[in-house]
Amino acid sequence: MERKLERNQLKKNFLKEIIMRLDFQGVLQAEMEKILIKVKPYLKDKAFNRYNEKINNQAILEGTSIKEATSQIVYSFMDENSGYTLDLSTTSIILSVKSVGYSPFENYADIFSYVAAVYKEEIDFFTVTRFGFRKINFCFIKELSQIETYFESKYYGVEEPISEFDIGSVNRTSRLSDGKKNINLRYIVEQGEIDQDTFFKITLDSDIYSTDEETINQILNDKSELSAINDMLFTIYCGAITEQLADILLSEEENLPECLVGVENNE
């Protein structure tokens, strides 16, 4: 798509999940109490209304055999109204958003940044190892021939290479890097059924991540860096859709084309 879109112009979306994750080391289980004391009241003020603890079992591999298995406590907070889940442990912060409506970037970015800052302030040997920001978009289209009406053919080309064979799926992966940040892109077409009717699921899965400690700390310390990554993901999104789909996303019209399923109103 050629024209420039502004995020605040969009009336509809097909974004299904947002995942923001920070991995680190240097945190002891005994130190988690200091984290929770600060985080719990903050999350309550942010409308998180459920909390539970769960155990993750982790296997440690040495060569081709399992050396040992360890258990990790994960402290899970949920805001059921907004579709937010925040999982905290000694090795990661994982914030996921699953919401039918639009979730403003500033809302979940502020929560993630605050929690990461608490870890950095409270843990003496806190060392970041990986940061990732991922968005998974998908919707459904009735006919294979209609896909290129709504999605750019350079990413979602679906011409059959051999006649008399039907396409069951197409999965294209691109990996990009500037040396400090990396991008994984997946453009997926999968045949399936909705209410016994055949549809094609069209997925745009984009993930920007870094394993460079200096870059990660810049992202955590400067909200404009995090915002720039969000803008990159939006640019990828705009590049994958056609003018026809952009017009639908910009329109306040309630009725969608019958061939298109899974595009939701922002509010």
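Taking a 29 Å limit on the Cα-Cα distance, which of the listed pairs K4/K154; K34/K54; K46/K142 fall beyond it?
K46/K142
Give me the Kirkwood hydrodynamic radius of region 27-109 in Å, from all C-alpha pairs, to one decimal place?
Over region 27-109, the inverse of the mean reciprocal pair distance is 14.5 Å.
Give the calculated FRET efficiency between T198 and Y42 to the nearest 0.05, with a Förster radius of 45 Å applied to their Cβ-Cβ distance.
The calculated FRET efficiency here is 0.45.
Only four residue types carry charge here, +1 at the Cβ of Lys and Arg and -1 at the Cβ of Asp and Glu. Report the dipole size of region 119-267 about the Cα centre in Debye, rounded to the nearest 20.
That gives a dipole near 720 debye.
With each run of n ≥ 4 DSSP H residues scored as -39500 (n - 2.57), what mean residue ellipticity at 222 nm is computed for the chain after dividing by its residue count and rounding to the nearest 500 deg cm²/dmol?
That calculation yields -8500 deg cm²/dmol at 222 nm.
How would V74, V118 line up from fewest to most surrounding beta-carbon atoms within 10 angstrom?
Final ranking by Cβ density, sparse to dense: V74, V118.
If I stretch the segment between N49 and C259 completely, what's the gain in nm (0.36 nm per residue apart, minus their alpha carbon distance), one decimal?
71.8 nm
Taking amide hydrogens as modeled 1.01 Å from N in the peptide plane, which residues meet the under 5 Å criterion relative to N266, leaving out close sequence neighbours?
When sequence neighbours closer than 5 places are left aside, the close amide H contacts are K12, N13.
Once both labels are modelled 7 Å past Cα along the beta-carbon direction, what's the N221-N107 spacing in nm?
According to this spin-label approximation, the distance is 3.1 nm.
How much net charge surrounds I123 when only other residues with a Cβ under 13 Å from its Cβ are counted (Lys, Arg +1; Asp, Glu -1)?
Residues close to I123 contribute a combined charge of -2.
What FRET efficiency comes out for E31 versus S174 if R0 is 45 angstrom and r is the Cβ-Cβ distance? Round to the nearest 0.05.
E(calc), rounded to 0.05, equals 0.70.
Distances longer than 16 Å among the Cα atoms of region 167-262: what percent of all pairs is that?
That fraction is 68 percent.
Using amide H atoms built 1.01 Å from N in the peptide plane, name the residues 5+ places from C139, or on other chains, whose amide H lies under 5 Å from its own.
Result for C139 returns I202.
Could you check the spin-label model distance between D212 and L5? Points 7 Å from the Cα along Cα→Cβ, value in nm.
Once both label points are built, they end up 2.9 nm from each other.
What's the magnitude of the charge dipole for region 27-109 around its Cα centre, counting Lys and Arg as +1 and Asp and Glu as -1 at the beta-carbon? Answer in Debye, nearest 20.
160
Between the alpha-carbon centers of region 27-48 and region 148-217, tell me the distance in whole angstrom.
That distance is 37 Å.
To the nearest 20 debye, what charge dipole does the chain have about its Cα centre, counting +1 at the Cβ of each Lys and Arg and -1 at the Cβ of each Asp and Glu?
Here the chain has a charge dipole of around 800 debye.
Laboratory data are not the source of any read-out in this text; all were calculated from the coordinates shown. No experiment lies behind these values; they were computed from the predicted model shown. Methodologically, a virtual Cβ is constructed for each residue, glycine included, from the backbone with ideal geometry; neighbour enumeration extends over all protein chains shown.
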